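Asker: Quick one: this structure, given as C-alpha cells, is what I'll be asking you about.
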Amino acid sequence: MKFAHLADTHLGYRQFGLIEREKDFYEVFGKVIDKIIEEKVDFVIHSGDLFETAKPSPLALLEFQKGLLKLKGAGIPMYAIAGNHDSAIRKGSIPPQVIFKKMGLKVISPINTNYMQGDIFIAGLPYFPASKSKVLKSKLAELSKKAADYEKSILVLHQGIDNYFDYQYELETGDIPDNFTYYALGHIHKYTVSDFGNGKLVYPGSTEVWKTDELDDCRENGKGFVVVDLDGQKPVIKRVKVDIPREFIKRSLDYNNLESGILGIKETIKDFEKEPILILDINNVDSDTSVIYDIINRELGDLSLMIRPKFHPIDEEIITIEREDSPIGPEQLINEKLEEYGNDDVKKLAVDIYSLLSKDKTEDCEELIDQYFIEHYPAVDENEDIKLDEIEDEEVEISEETSEEEKKDVQVTFKGALE
C-alpha cells in the first residue's frame with residue numbers, strides 16, 4: 001500500500017499581485033496531480049492550505065476541481081484537512097474543501113476525524129491556533145487511543161512544532177502521540193523528514209515558492225510531494241520533484257561593477273521560457289537609488305517578470321544601545337518597554353517581529369502579524385449560522401459528465417452561499 005502526501009498548494013495565491021504568479025501555482029498543481037497518477041498510488045493525503053484563503057476565487061475552486069476529477073478518474077481517493085489559510089477562525093465557519101465532498105474528497109474534520117483506507121487507520125485534525133492548544137492536545141490524545149487498535153496508522157496535521165518551526169509554533173514535540181506509523185504534516189514550506197516514535201514525520205513542503213526565503217531549500221530539495229510505501233515495518237519515503245514554471249534568480253551585484261553584473265544576468269536569463277523574478281542585492285551604493293533602479297529596470301525589465309532590488313550603502317550605520325549599569329540587547333529592551341502592558345503574547349510578538357526583520361524576512365513578518373490578529377481578533381459574522389455538521393451531508397451533485405461551465409456555476413453558487 002502506497003500513497004502520495006502533499007501540502008501547502010495555496011491555490012489562488014497571487015504572489016506580488018501578479019496574475020502570472022497565480023497561474024504558476026495552478027500549473028504546478030496540475031503537474032503534481034499528473035505525477036501522482038503516474039506513481040500509481042492507492043490514495044492521496046493533502047495536509048492543509050489547499051487554497052490561499054478561506055474564500056477562494058471561482059478560478060481557484062475550478063483548478064482544484066480539475067485535479068480532483070483526474071484523481072477520481074484514476075480511482076485514487078484524496079483525504080484532506082484545512083490549514084490556517086483555508087480556515088476562517090470563527091464560530092460556525094467551514095473550509096472550502098467541504099464543497100467537494102460529493103465529488104469524492106474525504107474531508108478530515110473535528111466531526112469526522114478518522115477514516116479507514118483498507119486496513120490503514122487515517123486520522124487527523126484541521127489547523128488549530130496556539131490559543132486553542134489545550135483543545136488540540138486533548139483531541140490528539142483521543143486519536144492516539146483510537147490508533148492503538150491498528151497496526152498501520154497515519155496522523156494528518158497542519159501545525160508548527162517547536163523542533164521544526166522557529167516562531168509561533170502551536171505544539172511541542174512531546175505533545176505529539178508517538179504511536180502512529182506516519183505523520184503527514186503541513187504548514188512548513190521546507191521539505192523535512194524525521195524519525196518520530198516508530199514511524200516517520202514528514203513535511204513535504206509547498207509545491208511552489210510561496211516566499212523568497214524558500215529558495216535555498218527549493219534548490220536543495222526541489223518542490224513537489226512524497227510517495228510513501230507502508231508495506232514494510234517502517235514507512236519508505238520517496239521524494240518526487242516537480243519543476244516550478246518560473247525561475248527565481250538571486251544575485252549580489254557591486255555598484256562599481258554594475259554594468260558587468262547586469263550583462264551576466266542577461267546572459268543567464270536570455271533563453272528562459274518564462275520571464276524570471278530577479279532578487280538583487282546592490283552593494284557599495286554611493287548614488288541615488290532611484291537612478292540605479294532606473295538603470296536596472298531599463299536593462300532587465302523586458303527580460304523579467306519582476307525585479308526586487310535591495311540597496312546597501314558603502315557604510316551602513318550600525319546602531320548599538322547601552323545603559324549606565326550594563327549593555328542591553330534589543331530583545332531585552334523590547335521586553336522591558338512592553339512590560340507595562342502585562343501581555344506576554346504581545347511581548348513575544350514584538351520580539352519575533354524584531355528577529356524576523358533583523359534577518360530581512362519581511363514576508364515572514366507579515367505572515368506572523370496576520371496570523372496573530374486572526375488568532376486574537378477573529379472576525380465574527382453576526383448573520384452567519386451555518387454549522388459544519390449541518391452542511392457536511394448536504395447534497396452537492398456534480399458528475400464527471402457535467403460541463404466545465406456548469407461546474408464553475410455550481411462552485412460560484414456555493415461560494416456565494418458560504419459568504
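The values are calculated or read from the model by the stated rules, or taken from the named source; none is laboratory data. No experiment lies behind these values; they were computed from the predicted model shown. Backbone-built Cβ (ideal geometry, glycine too); neighbour counts: all protein chains shown.
Each row is one residue, and each column tells you yes or no for (1) touching a helix residue (DSSP H, G or I) at 6+ places or on another chain (Cβ under 6 Å); (2) surrounded by fewer than 24 Cβ atoms within 10 Å (Cβ to Cβ).
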| position | (1), (2) |
| --- | --- |
| 58 | yes, yes |
| 84 | no, no |
| 97 | no, no |
| 101 | no, yes |
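Asker: If you don't mind, another one. Say whether the condition of being among the polar types (S, T, N, Q), touching a residue at least 60 places away in the same chain (Cβ under 8 Å) and surrounded by fewer than 23 Cβ atoms within 10 Å (Cβ to Cβ) is met by at least one residue in the stretch 10-18.
Answerer: The first filter runs over the stretch 10-18 and keeps only residues among the polar types (S, T, N, Q), leaving 15.
Restricting the remaining residues to those that are touching a residue at least 60 places away in the same chain (Cβ under 8 Å) gives 15.
Next, only the ones that are surrounded by fewer than 23 Cβ atoms within 10 Å (Cβ to Cβ) stay: 15.
Yes, there is a match, as at least one residue in the stretch 10-18 is among the polar types (S, T, N, Q), touching a residue at least 60 places away in the same chain (Cβ under 8 Å) and surrounded by fewer than 23 Cβ atoms within 10 Å (Cβ to Cβ).
Asker: Then there's this: Kindly provide the set of residues from the stretch 65-78 that are within 21 Å of the chain's Cα centre (by Cα) and either in a loop (DSSP other than H, G, I, E, B) or within 16 Å of residue 4 (Cα to Cα) (or both), ordered by number. Quick ask: steps written out before the conclusion?
Answerer: So the first thing to find is which residues in the stretch 65-78 are within 21 Å of the chain's Cα centre (by Cα), and the list is 65-68, 78.
If the condition is that a residue be within 21 Å of the chain's Cα centre (by Cα) and either in a loop (DSSP other than H, G, I, E, B) or within 16 Å of residue 4 (Cα to Cα) (or both), then 67, 68, 78 are the ones that fit.
Asker: If I ask for residues that are buried (at least 20 other Cβ atoms within 10 Å of the Cβ), under 16 Å from residue 156 (Cα atoms) and not hydroxyl-bearing (Ser, Thr, Tyr), which ones from the stretch 197-226 would you list?
Answerer: Matches in the stretch 197-226: 199, 200, 201, 202, 204, 205, 225, 226.
Asker: Taking the options 233, 168, name whichever one is without any contact (Cβ under 8 Å) to a residue 12 or more places away in the chain and assigned to a loop (DSSP other than H, G, I, E, B).
Answerer: On the way: 168 fails: without any contact (Cβ under 8 Å) to a residue 12 or more places away in the chain.
Just one listed residue meets the conditions, 233.
Asker: With the condition kept exactly as written, say whether any residue in the stretch 172-182 is hydrophobic (A, V, I, L, M, F, W, C), in a loop (DSSP other than H, G, I, E, B) and under 14 Å from the mean Cα position of the chain (by Cα). Even if it seems obvious, please write down each step before you answer.
Answerer: Step one: filter the stretch 172-182 for residues hydrophobic (A, V, I, L, M, F, W, C), giving 176, 180.
Retained after the next criterion (residues that are in a loop (DSSP other than H, G, I, E, B)): 176, 180.
The next check asks that each one be under 14 Å from the mean Cα position of the chain (by Cα); those that pass are none.
No, every residue in the stretch 172-182 fails to be hydrophobic (A, V, I, L, M, F, W, C), in a loop (DSSP other than H, G, I, E, B) and under 14 Å from the mean Cα position of the chain (by Cα).
Asker: Looking only at the stretch 177-196, count how many residues are surrounded by 24 or more Cβ atoms within 10 Å (Cβ to Cβ) and of a type in the set (Lys, Arg).
Answerer: At the first step, the residues of the stretch 177-196 found to be surrounded by 24 or more Cβ atoms within 10 Å (Cβ to Cβ) are 180, 182-187, 189.
Filter once more, so that each one left must be of a type in the set (Lys, Arg): none.
Qualifying residue count, the stretch 177-196: 0.
Asker: For the stretch 79-113, how many residues meet the condition of being in a loop (DSSP other than H, G, I, E, B) and free of Cβ contacts under 8 Å to residues at least 40 places away in the same chain?
Answerer: So in the stretch 79-113, the residues in a loop (DSSP other than H, G, I, E, B) come out as 81-95, 104-105, 108-113.
Filter once more, so that each one left must be free of Cβ contacts under 8 Å to residues at least 40 places away in the same chain: 86, 104-105, 113.
Final tally of qualifying residues: 4.
Asker: While we're looking at this one, here's another question. On the basis of being in contact (Cβ under 8 Å) with a residue 40 or more places away in the chain and within 17 Å of residue 158 (Cβ to Cβ), does residue 58 make the cut? Write out each step before concluding.
Answerer: Working: in contact (Cβ under 8 Å) with a residue 40 or more places away in the chain: yes; within 17 Å of residue 158 (Cβ to Cβ): no.
Against the criterion (in contact (Cβ under 8 Å) with a residue 40 or more places away in the chain and within 17 Å of residue 158 (Cβ to Cβ)), residue 58 does not qualify.
Asker: Scan the stretch 208-242 for residues that are of a type in the set (Asp, Glu), modelled with pLDDT under 95 and in contact with a helix residue (DSSP H, G or I) (Cβ under 8 Å, 6 or more places away or on another chain) and jot them down. Don't jump to the end; show me each part of the working.
Answerer: Quick first cut of the stretch 208-242, residues of a type in the set (Asp, Glu) only: 208, 213-214, 216-217, 220, 229, 231.
If we keep only those that are modelled with pLDDT under 95 as well, we get 213-214, 216-217, 220, 231.
Once the filter is applied, which keeps residues that are of a type in the set (Asp, Glu), modelled with pLDDT under 95 and in contact with a helix residue (DSSP H, G or I) (Cβ under 8 Å, 6 or more places away or on another chain), the stretch 208-242 yields only 213.
Asker: Suppose we filter 266, 250 for residues that are in contact with a Ser or Thr (Cβ under 9 Å, 6 or more places away or on another chain) and either basic (Lys, Arg) or part of a loop (DSSP other than H, G, I, E, B) (or both); which single one remains? Step through it out loud before you land on a result.
Answerer: Numbers: 266 fails: in contact with a Ser or Thr (Cβ under 9 Å, 6 or more places away or on another chain).
Of 266, 250, the one residue that is in contact with a Ser or Thr (Cβ under 9 Å, 6 or more places away or on another chain) and either basic (Lys, Arg) or part of a loop (DSSP other than H, G, I, E, B) (or both) is 250.
Asker: Scanning for something in contact with a helix residue (DSSP H, G or I) (Cβ under 9 Å, 6 or more places away or on another chain), in the same structural domain as residue 27 (by TED's automatic domain parsing) and either among the charged types (D, E, K, R) or without any contact (Cβ under 8 Å) to a residue 40 or more places away in the chain (or both), does the stretch 198-207 turn up at least one residue? Walk me through how you get there before you give the answer.
Answerer: Within the stretch 198-207, the subset in contact with a helix residue (DSSP H, G or I) (Cβ under 9 Å, 6 or more places away or on another chain) is 205-207.
Filter once more, keeping what is in the same structural domain as residue 27 (by TED's automatic domain parsing): 205-207.
Going one step further and asking which of them are either among the charged types (D, E, K, R) or without any contact (Cβ under 8 Å) to a residue 40 or more places away in the chain (or both), we end up with none.
Within the stretch 198-207, not a single residue is in contact with a helix residue (DSSP H, G or I) (Cβ under 9 Å, 6 or more places away or on another chain), in the same structural domain as residue 27 (by TED's automatic domain parsing) and either among the charged types (D, E, K, R) or without any contact (Cβ under 8 Å) to a residue 40 or more places away in the chain (or both).
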